[in-house]
1. Against the definition (more than 23 Å from A:Leu377 (Cβ to Cβ), surrounded by 23 or more Cβ atoms within 10 Å (Cβ to Cβ) and not hydrophobic (A, V, I, L, M, F, W, C)), how does B:Asp10 come out, yes or no?
2. Here are some conditions: (1) closer than 19 Å to A:Gln136 by Cα; (2) surrounded by fewer than 18 Cβ atoms within 10 Å (Cβ to Cβ). A:Arg162 meets all but one. Which one does it not meet?
3. So, in the range A:350-387, how many residues would count as being small (Gly, Ala, Ser) and within 7 Å of chain B (Cβ to nearest Cβ)?
4. Scan the range A:205-226 and give yes if some residue there is over 19 Å from A:Val255 (Cα atoms) and surrounded by 19 or more Cβ atoms within 10 Å (Cβ to Cβ), otherwise no.
5. Check the range A:137-159 and report whether any residue there is under 60 Å from the mean Cα position of the chain (by Cα) and among the aliphatic types (A, V, I, L, M).
6. Taking the residues in the range B:1-43 that are part of a helix (DSSP H, G or I) and of a type in the set (Gly, Ala, Ser) as candidates, determine which candidate is farthest from the other protein chains (Cβ to nearest Cβ).
7. Got a sec? Which of A:Arg351, A:Arg287 is among the basic types (Lys, Arg), touching a Pro at 6+ places or on another chain (Cβ under 9 Å) and either at pLDDT below 90 or not in a loop (DSSP other than H, G, I, E, B) (or both)?
8. Give the residue that is nearest to the other protein chains (Cβ to nearest Cβ), with candidates limited to residues of the range B:84-136 that are exposed (fewer than 11 other Cβ atoms within 10 Å of the Cβ) and basic (Lys, Arg).
Amino acid sequence: MQLMSIFKPKFWDYEDVAAGPFKHLFNFRRIWKQTVFLTLAVTLSPLIFMAAIDYRVSREAIDTDIQLRTARLVSNTRRSVTFFLEERKSALSYVTHDNLLEDIMSHERLADILEHLKHSFGGFTDLGAIDERGIQKAYAGPYQLEGVDYSQEQWYREVLERGSFVSDVFLGVRQTPHFVIAIRCHCPTGLPYVLRATIDTDKFNDLFAGLDVAGHGDVFIINRRGILQTASHTYGAVLDPVPLPVPPFSERSEVIDTADLDLNPTVIGYAYIEDTPFILMICKNKRELMLPWKATQLEILMFLTVSVVAILLVILWGASFLVSRIHDADQKRVATLHQVEYSNKMASIGRLAAVVAHEINNPLAVINEKAGLIKDLFLLKESYAADEKLLGLLDSIIKSVERCGAITRRLLGFARHMGGPPSIQRIEIKDVIHEVLGLLGKEASYRAIEVSVDVPDNLPGIESDLGKIQQVLINLLNNAFAAVSDGGHITVKVRKLDEYLAVAVVDDGCGIPEADRKRIFEPFFSTKTTRGGTGLGLSITYGLIKDLGGEVQVESELGQGTTFTVTLPLVRKPEKGSDNACSVGG
Amino acid sequence: MNERVLLVDDEVEFVETLAERMRTRGMEVDTSTSADEAIAKAEAHAFDVIILDLKMPGMDGLQALQAIKAKRPEMQVILLTGHATLDKGIEAMKLGATDFLEKPADLEELTEKIKKAQTKKMILVEKQTEEKIRKIITEKAW
């Protein structure tokens, strides 16, 4: 709440209770909201839109990059694997062309050839030559396999049919993973025979070991049934089934986005290796590949957050500042209107008072003279001259007329200064106080309020505007009357302070809470709005005192009372600028 | 010597009553309820003091004062009004009024002022007479 009050503009809680011409022109809260929402909309939406696009584009770029890199790696690796196999096929083919059939079919020569192949190419484990009937005629290698009949084997039929064959990987008797390459040749008689070699898969592993695959990549080969043909550090050893679906056939290298068993996003690149059961697979952990993207994402988010916060603060501050200015200006406008109205009202009251006083004065003069004449006549006649009662009655009439005269004179005195042009004259403050109290005295006596005046006799007169001083005193005394309860006390004290005269109106009324004390001179601040207060009395008083070159201070304690102290210069200083609204309409 | 007073006010009741009271105090009082009538009377008769109401319908007190002073400068004029303001008073004095009094006036105060004004008038008349005699003497060069 405390934090809110720092940011809360001062017009936020302002409630316009006025009507008619004094109503504010704007609903400030609505203007503020409209400004804030509109500016936020036009600034934030493009920013967020652009950030979203940037987010998407950079993500797609990285995605494409990953796909391309994977596809390239798959292609290159496939080429290596294909080359490896082709190389061995070509070696076997060369052997058939370079040797006579008899040599190939002889055990010794074949052992020599195997030795050369091992030496030149590596990976060869054994070598066998099989005749057209499927009988292994010659064999070089660690086992005794001469004379074995392969005629019923699937691979044998296949090699006769297609010219070459590459088998799945199998463990065999030696329990080491290897596979078979076989090629078909023709002897000079035209009959086919088959040269068969067993290759260690270690060579494959050597091939993959050199690859540097990003994202903890895993390079391995499976066959078309999804059985591992080379070891995979993710999915297990050779001949273990891979827990991934076998990718659909494609002639080209392909890259797919999928998830592994633990639902980790995975990028899989694969390629079918021609004329073999092998499928080359490269699996990459997408999460790791996306790490650089995460950094970018964080940067975008940081940038967005900082921008949004900055824009928000600037807009909130700007809107509050501008609307506050409008509010202040409108407040001034309404205050001026009120002051003009107040001045007009005072001028009207002044004129009315003058007319009333003057009209009453004439009949009063007649009454006075008639009563005087009756008295004269009575005094001339002896029988009446001794009648004290009659003379007493007449004196009472004459005294009442005198009192009426005093009242009309006082009224006229006020009328002259209310709303009239400012007239600077020498003023005895004591007289002014008594005059004002004379007007307000009735209320005091009805409510049994004790009003005392404490003015030293040797006070100098002051040069000032009588009308304004009267209004100030009337306003302050009216406030005091409103504050004290019946039977309360009000004191008007005057003291001389150097070049100033301090007039204090002290009451023992309800007092003003501290929170209100700072604001009582603000226009429209009123605690009695429900009882018809405009909240202008003290603000106008303040304006009048300022006009007179004076100052006003307030001290108050809740429940103890309030003291308003007005300091007025003894000699009026030359005024700067023109008189303000108080003289309008005079 | 009785004071000869002309009382001017638009309020008949007031004028008549005040005149009667003044007569009981031994003054010779004539009355008038308009400025025009007052000017005519002032021209026709010799008054010591004219008491003029400041506010009257038609010609007001200040204008009447000027007219009377133009014709009979020796006549003393006291202004009587319910609307006493300092600046009006100063203006009246500048135009030649002897004194200034607020309504409802105390008769004793008024009487006093009339007596003072009459004395002033007599001094003025004496001076004027002296002046005239001196003039005649110097002119004839006796």
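The values are calculated or read from the model by the stated rules, or taken from the named source; none is laboratory data. Source: prediction; values computed, not measured. Counting neighbours? That spans all protein chains shown, and the Cβs are built from the backbone with ideal geometry, glycine included.
1. Values: more than 23 Å from A:Leu377 (Cβ to Cβ): yes; surrounded by 23 or more Cβ atoms within 10 Å (Cβ to Cβ): no; not hydrophobic (A, V, I, L, M, F, W, C): yes.
Judged against the criteria, B:Asp10 is not a match.
2. (1)
3. Step one: filter the range A:350-387 for residues small (Gly, Ala, Ser), giving A:350, A:353-354, A:357, A:365, A:371-372, A:383, A:385-386.
Next, only the ones that are within 7 Å of chain B (Cβ to nearest Cβ) stay: A:365, A:372.
So the answer is 2.
4. First, pick out the residues of the range A:205-226 that are over 19 Å from A:Val255 (Cα atoms): A:205-207, A:209-210, A:225.
Of the ones still in play, those that are also surrounded by 19 or more Cβ atoms within 10 Å (Cβ to Cβ) are none.
Looking through the range A:205-226, none of the residues is over 19 Å from A:Val255 (Cα atoms) and surrounded by 19 or more Cβ atoms within 10 Å (Cβ to Cβ).
5. Initially, the range A:137-159 is screened for residues under 60 Å from the mean Cα position of the chain (by Cα), giving none.
Within the range A:137-159 (the criterion being under 60 Å from the mean Cα position of the chain (by Cα) and among the aliphatic types (A, V, I, L, M)), the answer is no, since none of the residues qualifies.
6. At the first step, the residues of the range B:1-43 found to be part of a helix (DSSP H, G or I) are B:12-24, B:35-43.
Pick out the ones that are also of a type in the set (Gly, Ala, Ser) and you get B:19, B:35, B:38, B:40, B:42.
Details: B:Ala19: 9, B:Ala35: 16, B:Ala38: 18, B:Ala40: 24, B:Ala42: 22 Å.
For the range B:1-43, the residue satisfying everything is B:Ala40.
7. On the way: A:Arg351 fails: touching a Pro at 6+ places or on another chain (Cβ under 9 Å).
So the residue among A:Arg351, A:Arg287 that is among the basic types (Lys, Arg), touching a Pro at 6+ places or on another chain (Cβ under 9 Å) and either at pLDDT below 90 or not in a loop (DSSP other than H, G, I, E, B) (or both) is A:Arg287.
8. It comes out as B:Lys94.
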